[in-house]
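Asker: My structure is below; once you've seen it, I'll send some questions.
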Amino acid sequence: MLVRCLYASRISTPLAASALDGILEQSRKNNPKLGITGLLCYTHDSFVQVVEGGREPISVLLRSIYRDERHQKVTILSFEEIAERQFGNWTMGSVNVESINAGVLLKYSESVTFDPFSCSSQAMMSLLMELIAAGSIVNRGTA
């Protein structure tokens, strides 16, 4: 059974670009073995990630994220069974949300400040899908 999980968290301490690259590299190495695909969005103080795969691998991944000291205030925005993947060709795509047009953020939230904790899960998924359509996702990796 396929599931999709969308979560947000606060970054506990500022991450250097090399630390973020390490997270993405580790995801791209481990995710294919686990059948996990997804997208990581980040700012200087928060992560939003959507992951897809089998229920058990996604549950194991979430437990490790809750224990990861780089994350604070991990909040599940949605967890649902899905018929098909939206990110099936990506081991882990990424986007720095601070680099996108503020008008795009305003389309899905109350202000131009990215705050995943104040958005609905539907608005957040719509934002992610628009970023994909606009070609804003970099370092996609391939499954």
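Asker: Looking only at the range 103-129, which residues are over 26 Å from Ile36 (Cα atoms) and surrounded by 15 or more Cβ atoms within 10 Å (Cβ to Cβ)? Steps first, please.
Answerer: Here is the first cut: in the range 103-129, the ones over 26 Å from Ile36 (Cα atoms) are 103-113, 118.
Within the range 103-129, Val104, Leu105, Tyr108, Ser109 meet the criteria.
Asker: Among the residues of the range 1-40 satisfying the criterion of being of a type in the set (S, T, N, Q) and without any contact (Cβ under 8 Å) to a residue 24 or more places away in the chain, which is farthest from Phe79 (Cα to Cα)?
Answerer: Quick first cut of the range 1-40, residues of a type in the set (S, T, N, Q) only: 9, 12-13, 18, 26-27, 30-31, 37.
If we keep only those that are without any contact (Cβ under 8 Å) to a residue 24 or more places away in the chain as well, we get 18, 26, 30.
Details: Ser18: 30, Gln26: 23, Asn30: 21 Å.
So the residue we want is Ser18.
Asker: Hey, among Ser46, Ser126, which residue is within 22 Å of Leu2 (Cα to Cα), under 15 Å from the mean Cα position of the chain (by Cα) and among the polar types (S, T, N, Q)? Give the derivation first.
Answerer: Working: Ser46 fails: within 22 Å of Leu2 (Cα to Cα).
After ruling out the rest, the residue left standing is Ser126.
Asker: Among (1) buried (at least 21 other Cβ atoms within 10 Å of the Cβ); (2) within 11 Å of Cys5 (Cβ to Cβ), which single condition is Cys41 missing?
Answerer: (2)
Asker: While we're looking at this one, here's another question. Determine whether Glu52 is in contact with a strand residue (DSSP E or B) (Cβ under 6 Å, 6 or more places away or on another chain), acidic (Asp, Glu) and within 18 Å of Ile132 (Cα to Cα).
Answerer: Working: in contact with a strand residue (DSSP E or B) (Cβ under 6 Å, 6 or more places away or on another chain): yes; acidic (Asp, Glu): yes; within 18 Å of Ile132 (Cα to Cα): yes.
Answer is yes for this residue.
Yes or no, residue by residue, for (1) within 20 Å of Ala19 (Cβ to Cβ); (2) at pLDDT 90 or above; (3) surrounded by fewer than 18 Cβ atoms within 10 Å (Cβ to Cβ):
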{"position": "Gly35", "(1), (2), (3)": "no, yes, yes"}
{"position": "Arg67", "(1), (2), (3)": "yes, yes, yes"}
{"position": "Val95", "(1), (2), (3)": "yes, no, no"}
{"position": "Asn101", "(1), (2), (3)": "no, no, yes"}
{"position": "Leu131", "(1), (2), (3)": "no, no, no"}
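The values are calculated or read from the model by the stated rules, or taken from the named source; none is laboratory data. As the structure is a prediction and not an experimental result, all values here were calculated from the model. All Cβ positions, glycine included, derive from the backbone under ideal geometry; neighbour counts span all protein chains shown.
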